[in-house]
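The next block holds one structure in the form of structure tokens; read it before the comments.
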Amino acid sequence: MSISTAPSELHELSVSALAQALHERKLSALEATEHFLARMRQHQDLAAFLAVDEDASRAQARRADARLAGGSTAPLEGVPLAHKDIFVTRDFPTTAGSRMLAGYRSPFDATVVHKLAEAGAVTLGKLNCDEFAMGSANENSAVPPVGFDAPRPVQNPWDRARVPGGSSGGSAAAVAARLVPGATGTDTGGSIRQPAGFCGITGIKPTYGRASRYGMVAFASSLDQAGPLARTAEDCALLLSAMCGPDPDRDSTALDRPAEDFGRQLGASLDGLRIGLPREFFADGLAPGVRAAIDGTLKEYEKLGARLVPISLPRTELAIPVYYIIAPAEASSNLSRFDGVKFGHRAKDYTDLMDMYKKTRAEGFGDEVKRRIMIGTYVLSHGYYDAYYLQAQKIRRMIADDFQQAFQECDLIAGPVAPSVAWKIGEHGNDPLADYLADIFTLPGSLAGLPGMSVPAGFGEHGMPVGLQLIGNYFQEARLLNAAHRLQQATDFHLRSPAGF
Amino acid sequence: MSAPLIHGYEVVIGFETHTQLATRSKIFSRASTAFGAEPNTQACAVDLALPGTLPVMNREAVQCAIKLGLALGSHIALESIFARKNYFYPDLPKGYQISQFETPVVQGGEVSFLLGEEQKTVRLVRAHLEEDAGKSLHEDFIGQSGIDLNRAGTPLLEIVTEPDMRSSAEAVAYARELHKIVTWIGICDGNMQEGSFRCDANVSVRKPGAPLGTRREIKNLNSFRNMQIAIDYEIRWQIEEIEDGRSIQQATVLFDPDTGETRAMRTKEDAADYRYFPDPDLPPLVISADWVERVKAEMPELPRAMAARFVADYGLPEYDATTLTQSQTMAAYFEDTARACGQAKLASNWVMGEISRRLNTEEIGMEAVKVSSAQLAALIGRITDNTISNNAAKQVFEALWSGEGSDVDAVIDAKGLKQMNDSGALEKIIDEVIAANPANVEQYKAGKDKAFNALVGQAMKASKGKANPGQVNELLKAKLG
């Protein structure tokens, strides 16, 4: 791509192209930051941002420019990014999309935020998300977005009447609308892959433990994992390489594996690659338009030399009840710290301690969060623990075993990210089960802790984007990213912009 | 010996002891554990449970658990699991306590001790690692409670026994022995007033042979004295309840040191459902067999073993051996002295006698002892080689303790305490005493022992206390025929 620094086209540049232009001093970090801040202001009706602080961003950009002037070779020096509001930050408030944390300011940066800053990134602001990352549509955000007085759902840039997916909906919408070249997200049961799919961009959730969870407001500890969203696999590789690595002093579940260059395999041949297609991912209930788009990209893979192999993940359907036991169980405990005593919201009037707890939590949490706290409390209760939580853990192990069985026969697994394209805002109404069921294809990989990604695969019903999900075995991120990269060299879905952006 | 019955009831007691581990930093964070700092100055982001914080295990706390397991002959689980105990309270920042539930790090083991002359053994169920909560300060603010989170996250080992104890005296003896062990192996400072060693006693009574009675748990036993008073009160209370035809309700009771009574805090009905589950923030705690071996190699000799060795090697009575092994410093002091002077029993007498008396009077510990073991050994050496008498030795000791002198021989010279061992000079004195006290001589010869003692006294007086009393005895007897 030839680089023109005409401000109107800056937002079309990929993360790697921006980084290159910055290193070549064709562009300053401050110019890039100003450009994206202007984009953000121009499109704030998307409701993608929950917090900006233009001066803080400019200050970071100026520091990046000083480092560039000093010959910095940091891979993301001066590249503007934004963070899902689940990551705590010193320079911006952190709400996790909840009234409970309205105005909360962390005294430290999340490890992922810190690592990206060390790599040179400039933070443009904090991105909208479902409250405590609980949701599949970003309709559960309880915090007013930048430019608004009341909470409102994030809009999908491809059809503003539709949801962007969730819970990293703000991240996906902002990247798709070119408000940011790349963003961080978190994925507990599909919260990076599904919104990336719904918004026609690329996103990857690495192997559980690759990225430190320190500074991520916890939803479900055994599932939460950070990852990047960007337009290309190449950009995702660049961002992911900066985000991962051990964090032995802060997160005991972060893996003791050195950071690696996840882009090292980009361009490698796919000749002979065995792509497993789980029968259960292509069953009834898959929207025909989604199916057609997936089939189309699978044909591209065959052209690239890959071989399609039928496989089975027999417990796919069980992933839904298992996930919706384990994740709420952990959440019910993780969210106990929001009690009005130390930080965050506290009810104004109360009679005694118990009253303070009840009112604080009743006021501070939204309905979906309360629902999951109640489910989680129930499944951990005396007399129910064995029947629910323990049983779910056993099936979780079997689901992980099913994947290992499948990886005997294939190198990667492919299928749709979700059974349908993005639905309309409000369409699922008061039916949380409809949201839960839509997670069916992303949950199994999450429960197994496997790396997974979403790659633009064309368009389905209503002209909305379709995401192809690629799942790799543990630590196969580089291979996954290359498979996505090769597809992106052969297709242009990832380069399409939604009208008006 | 069968258990003592009280009004026909057998007493059954089990213990849970929260032992604060003597680590520098907290169990899951890097904040300091030092006692007594200004409220909330030793609580970091992790201890405050700020969003995004996560626990990271303190290696030193694990090492303490290994030491305890080795000291008590327990099984040390090479893989144990941390669990969350969920409940809401303002001094519990996360809304759950990280503890161990189904798989604790220390399993089984026993504590043996003497109750009077009798050897007792209490079996342990387990000891698990957990974090302490903060402190609620209900008295410092009117109409409000203060929260101090300095203690939040302090590492604890909760040591749980089987219900093996049958009297308050046995319970206190157990607690004393456990206290001795944890301070001996250096995992706890043992300060009960500061809450470093907190005992809860589970007490029930039953008719002999009957199934276990319903237990009540007494909390807040912060001294051995209170422990005995509280348990005795609780036993009487439970027996009276049963005798009056009422049944005991399972409950947690608090001991009030001012009234000497226990009163119920909560009953089983309002017991919380803690919703224990494995903490997903902490992988299983894995201890290598190698690590256990390394700790084992560095373990000090334990008090019971050391006492047995003192009996065998030094010929000390059991009582002396047990007393001298109350603390590592005392035992080491004794042994250094005994080795240096070669007189173990004399060394024991001095340590248990003069040294202990002075430490008690001045309310200081063995660490602050003012006469070194080398000085004491030199002093004992001068007694056994007849340079000085026992009485003179006490004067020398006094001078050493007060700092008046530091060299034993120099003090003896300066004070002129050397015994008169020259028999020629002594004979002269004795001849004079016999000549000057004809009445006593007469009486002695008539068979009155008292008169002989008076003559010895006169001779000692004439020698200004420097004569060796044994020698005076011998010479007098010989001369008086």
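The values are calculated or read from the model by the stated rules, or taken from the named source; none is laboratory data. This one's a predicted model, so the numbers in the text were calculated from it and none came from an experiment. Backbone-built Cβ (ideal geometry, glycine too); neighbour counts: all protein chains shown.
Which residue out of A:LEU81, A:LEU76, A:LEU68 is more than 14 Å from chain B (Cβ to nearest Cβ) and either touching a His at 6+ places or on another chain (Cβ under 8 Å) or part of a helix (DSSP H, G or I) (or both)?
On the way: A:LEU81 fails: either touching a His at 6+ places or on another chain (Cβ under 8 Å) or part of a helix (DSSP H, G or I) (or both); A:LEU76 fails: either touching a His at 6+ places or on another chain (Cβ under 8 Å) or part of a helix (DSSP H, G or I) (or both).
Within the list A:LEU81, A:LEU76, A:LEU68, the selection yields A:LEU68.
Does B:ASN390 satisfy the criteria of being under 30 Å from B:SER327 (Cβ atoms) and not aromatic (Phe, Trp, Tyr)?
yes
Of the numbered conditions (1) touching a residue at least 60 places away in the same chain (Cβ under 8 Å); (2) more than 30 Å from A:LEU18 (Cα to Cα); (3) surrounded by 15 or more Cβ atoms within 10 Å (Cβ to Cβ), A:GLY285 satisfies every one except a single condition; which is it?
The number of the failed condition is (3).
Could you tell me which numbered condition A:ALA347 fails, if it satisfies all but one of (1) more than 14 Å from chain B (Cβ to nearest Cβ); (2) without any contact (Cβ under 8 Å) to a residue 60 or more places away in the chain; (3) buried (at least 20 other Cβ atoms within 10 Å of the Cβ)?
Condition not satisfied by A:ALA347: (3).
Only residues that are surrounded by fewer than 16 Cβ atoms within 10 Å (Cβ to Cβ) and more than 26 Å from the chain's Cα centre (by Cα): list them for the stretch B:120-142, please.
The first filter runs over the stretch B:120-142 and keeps only residues surrounded by fewer than 16 Cβ atoms within 10 Å (Cβ to Cβ), leaving B:121, B:123, B:136-142.
The answer is B:SER136, B:LEU137, B:HIS138, B:GLU139, B:ASP140, B:PHE141, B:ILE142.
Across the stretch A:374-387, which residue is surrounded by the most Cβ atoms within 10 Å (Cβ to Cβ) among those that are within 11 Å of another protein chain (Cβ to nearest Cβ) and either in a helix (DSSP H, G or I) or of a type in the set (D, E, K, R) (or both)? Working first, answer last.
If we filter the stretch A:374-387 for residues that are within 11 Å of another protein chain (Cβ to nearest Cβ), which is where we start, we get A:376-385.
Filter once more, keeping what is either in a helix (DSSP H, G or I) or of a type in the set (D, E, K, R) (or both): A:376-380.
Working: A:GLY376: 27, A:THR377: 19, A:TYR378: 17, A:VAL379: 23, A:LEU380: 24.
The qualifying residue surrounded by the most Cβ atoms within 10 Å (Cβ to Cβ) is A:GLY376.
To keep it simple, each residue is scored yes or no on (1) among the small types (Gly, Ala, Ser); (2) free of Cβ contacts under 8 Å to residues at least 60 places away in the same chain; (3) under 20 Å from B:THR19 (Cα atoms); (4) out of contact with any Pro (no Cβ under 7 Å at 6 or more places or on another chain).
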position	(1), (2), (3), (4)
B:ALA171	yes, no, yes, yes
B:SER223	yes, yes, yes, yes
B:ILE229	no, yes, no, yes
B:TYR233	no, yes, no, yes
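Identify, by number, the condition in (1) β-branched (Val, Ile, Thr); (2) away from chain A (no Cβ under 14 Å); (3) surrounded by fewer than 21 Cβ atoms within 10 Å (Cβ to Cβ) that B:ILE13 doesn't meet.
Exception for B:ILE13: condition (3).
Please state which one of B:LEU92, B:LEU70, B:LEU78 is touching a helix residue (DSSP H, G or I) at 6+ places or on another chain (Cβ under 6 Å) and more than 7 Å from chain A (Cβ to nearest Cβ). Give the steps one after another, and end with the answer.
Numbers: B:LEU92 fails: touching a helix residue (DSSP H, G or I) at 6+ places or on another chain (Cβ under 6 Å); B:LEU78 fails: touching a helix residue (DSSP H, G or I) at 6+ places or on another chain (Cβ under 6 Å).
Answer to the check: B:LEU70.
Within the stretch A:427-435, is there a residue that is under 23 Å from A:GLU139 (Cα atoms), in contact with a His (Cβ under 7 Å, 6 or more places away or on another chain) and outside any loop (DSSP other than H, G, I, E, B)? Explain how you work it out, then say what you get.
At the first step, the residues of the stretch A:427-435 found to be under 23 Å from A:GLU139 (Cα atoms) are A:427-435.
Right, trim to in contact with a His (Cβ under 7 Å, 6 or more places away or on another chain) and you get A:434-435.
Narrowing further to those that are outside any loop (DSSP other than H, G, I, E, B): A:434-435.
Checked the stretch A:427-435: at least one residue is under 23 Å from A:GLU139 (Cα atoms), in contact with a His (Cβ under 7 Å, 6 or more places away or on another chain) and outside any loop (DSSP other than H, G, I, E, B).
If I filter the stretch B:33-56 down to residues being at positive phi and within 14 Å of chain A (Cβ to nearest Cβ), which single residue comes out as surrounded by the fewest Cβ atoms within 10 Å (Cβ to Cβ)? Working first, answer last.
Here is the first cut: in the stretch B:33-56, the residues at positive phi are B:36, B:40, B:49, B:52.
So of that shortlist, the ones also within 14 Å of chain A (Cβ to nearest Cβ) come out as B:40, B:49, B:52.
Working: B:ASN40: 15, B:ALA49: 24, B:GLY52: 27.
Only one residue fits best here, namely B:ASN40.
Criterion first (buried (at least 18 other Cβ atoms within 10 Å of the Cβ), without any contact (Cβ under 8 Å) to a residue 60 or more places away in the chain, part of a helix (DSSP H, G or I) and more than 10 Å from chain B (Cβ to nearest Cβ)) does A:ILE320 satisfy it? Lay out the reasoning, then the answer.
Details: buried (at least 18 other Cβ atoms within 10 Å of the Cβ): yes; without any contact (Cβ under 8 Å) to a residue 60 or more places away in the chain: no; part of a helix (DSSP H, G or I): yes; more than 10 Å from chain B (Cβ to nearest Cβ): yes.
Judged against the criteria, A:ILE320 is not a match.
A:ALA6 versus (1) among the hydrophobic types (A, V, I, L, M, F, W, C); (2) at pLDDT below 95; (3) buried (at least 21 other Cβ atoms within 10 Å of the Cβ): which is the lone unmet condition?
(3)
Kindly establish whether A:GLU330 is touching a helix residue (DSSP H, G or I) at 6+ places or on another chain (Cβ under 8 Å), away from chain B (no Cβ under 11 Å) and in contact (Cβ under 8 Å) with a residue 40 or more places away in the chain. It would help to see each step written out before you state the result.
On the way: touching a helix residue (DSSP H, G or I) at 6+ places or on another chain (Cβ under 8 Å): yes; away from chain B (no Cβ under 11 Å): no; in contact (Cβ under 8 Å) with a residue 40 or more places away in the chain: yes.
So A:GLU330 does not fit the description; no.
So, in the stretch A:350-370, of the ones that are within 12 Å of B:PHE88 (Cβ to Cβ) and in contact (Cβ under 8 Å) with a residue 12 or more places away in the chain, which residue ends up nearest to the other protein chains (Cβ to nearest Cβ)?
First, the residues of the stretch A:350-370 that are within 12 Å of B:PHE88 (Cβ to Cβ): A:353-354, A:356-358, A:360-361.
Those left that are additionally in contact (Cβ under 8 Å) with a residue 12 or more places away in the chain: A:356-357, A:360-361.
Values: A:MET356: 9, A:TYR357: 6, A:THR360: 11, A:ARG361: 9 Å.
Result: A:TYR357.
Listed here are the residues, each with its yes/no results for (1) surrounded by fewer than 18 Cβ atoms within 10 Å (Cβ to Cβ); (2) in contact with a Phe, Trp or Tyr (Cβ under 8 Å, 6 or more places away or on another chain).
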position: B:ASN58; (1), (2): no, yes
position: B:VAL62; (1), (2): no, no
position: B:PHE82; (1), (2): no, no
position: B:TYR89; (1), (2): yes, no
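Could you look through the stretch B:18-32, keep only residues that are more than 14 Å from chain A (Cβ to nearest Cβ) and in a loop (DSSP other than H, G, I, E, B), and pick out the one that is surrounded by the most Cβ atoms within 10 Å (Cβ to Cβ)?
Looking only at the stretch B:18-32, we keep the residues that are more than 14 Å from chain A (Cβ to nearest Cβ), and these are B:18-24, B:32.
When the remaining residues are screened for being in a loop (DSSP other than H, G, I, E, B), the result is B:21-24.
Working: B:LEU21: 27, B:ALA22: 18, B:THR23: 19, B:ARG24: 10.
This residue is B:LEU21.
Among the numbered criteria (1) surrounded by fewer than 13 Cβ atoms within 10 Å (Cβ to Cβ); (2) of a type in the set (D, E, K, R); (3) under 19 Å from B:SER389 (Cβ atoms), which single criterion is violated by B:LYS445?
So B:LYS445 meets the others, but not (3).
Can we say A:PHE87 is within 14 Å of chain B (Cβ to nearest Cβ) and either hydrophobic (A, V, I, L, M, F, W, C) or touching a Pro at 6+ places or on another chain (Cβ under 9 Å) (or both)? Steps first, please.
On the way: within 14 Å of chain B (Cβ to nearest Cβ): yes; either hydrophobic (A, V, I, L, M, F, W, C) or touching a Pro at 6+ places or on another chain (Cβ under 9 Å) (or both): yes.
Yes: the conditions hold for A:PHE87.
Given the residues A:SER212, A:SER241, A:SER222, which is the only one that is among the polar types (S, T, N, Q), surrounded by fewer than 22 Cβ atoms within 10 Å (Cβ to Cβ) and modelled with pLDDT of 95 or more? Walk me through it before giving the result.
Details: A:SER212 fails: surrounded by fewer than 22 Cβ atoms within 10 Å (Cβ to Cβ); A:SER241 fails: surrounded by fewer than 22 Cβ atoms within 10 Å (Cβ to Cβ).
The match here is A:SER222.
Consider B:ARG198 carefully, then state whether it is charged (D, E, K, R), free of Cβ contacts under 8 Å to residues at least 24 places away in the same chain and outside the structural domain of B:THR325 (by TED's automatic domain parsing).
Working: charged (D, E, K, R): yes; free of Cβ contacts under 8 Å to residues at least 24 places away in the same chain: no; outside the structural domain of B:THR325 (by TED's automatic domain parsing): yes.
No: the conditions fail for B:ARG198.
For the subset of the stretch B:349-395 comprising residues that are part of a helix (DSSP H, G or I) and in contact (Cβ under 8 Å) with a residue 60 or more places away in the chain, which member is surrounded by the fewest Cβ atoms within 10 Å (Cβ to Cβ)?
Pass one, the stretch B:349-395, residues part of a helix (DSSP H, G or I): B:349-362, B:366-368, B:373-384, B:390-395.
Then drop every residue that is not in contact (Cβ under 8 Å) with a residue 60 or more places away in the chain, which leaves B:391-392.
Details: B:ASN391: 11, B:ALA392: 22.
Result: B:ASN391.
Could you please tell me which pairs satisfy a Cβ distance under 7 Å, a separation of 6+ or placement on different chains, a first residue in the stretch A:43-62 that is closer than 15 Å to A:PRO144 by Cα, and a second residue that is among the hydroxyl-bearing types (Ser, Thr, Tyr)?
Matching pairs, first to second residue: A:LEU50/A:THR95.
Residues of the stretch A:350-367 being surrounded by 19 or more Cβ atoms within 10 Å (Cβ to Cβ) and closer than 23 Å to A:PRO151 by Cα, which ones?
Once the filter is applied, which keeps residues that are surrounded by 19 or more Cβ atoms within 10 Å (Cβ to Cβ) and closer than 23 Å to A:PRO151 by Cα, the stretch A:350-367 yields A:THR360, A:ARG361, A:GLY364, A:PHE365, A:GLY366.
Just checking, does the stretch A:97-110 include any residue being away from chain B (no Cβ under 14 Å) and either crowded, with 24+ Cβ neighbours inside 10 Å or within 24 Å of A:LEU22 (Cα to Cα) (or both)?
Checking the stretch A:97-110: not a single residue is away from chain B (no Cβ under 14 Å) and either crowded, with 24+ Cβ neighbours inside 10 Å or within 24 Å of A:LEU22 (Cα to Cα) (or both).
Given the options B:LYS477, B:LYS418, B:LYS466, name the one that is among the basic types (Lys, Arg) and buried (at least 17 other Cβ atoms within 10 Å of the Cβ). Quick ask: steps written out before the conclusion?
On the way: B:LYS477 fails: buried (at least 17 other Cβ atoms within 10 Å of the Cβ); B:LYS418 fails: buried (at least 17 other Cβ atoms within 10 Å of the Cβ).
Only one candidate qualifies: B:LYS466.
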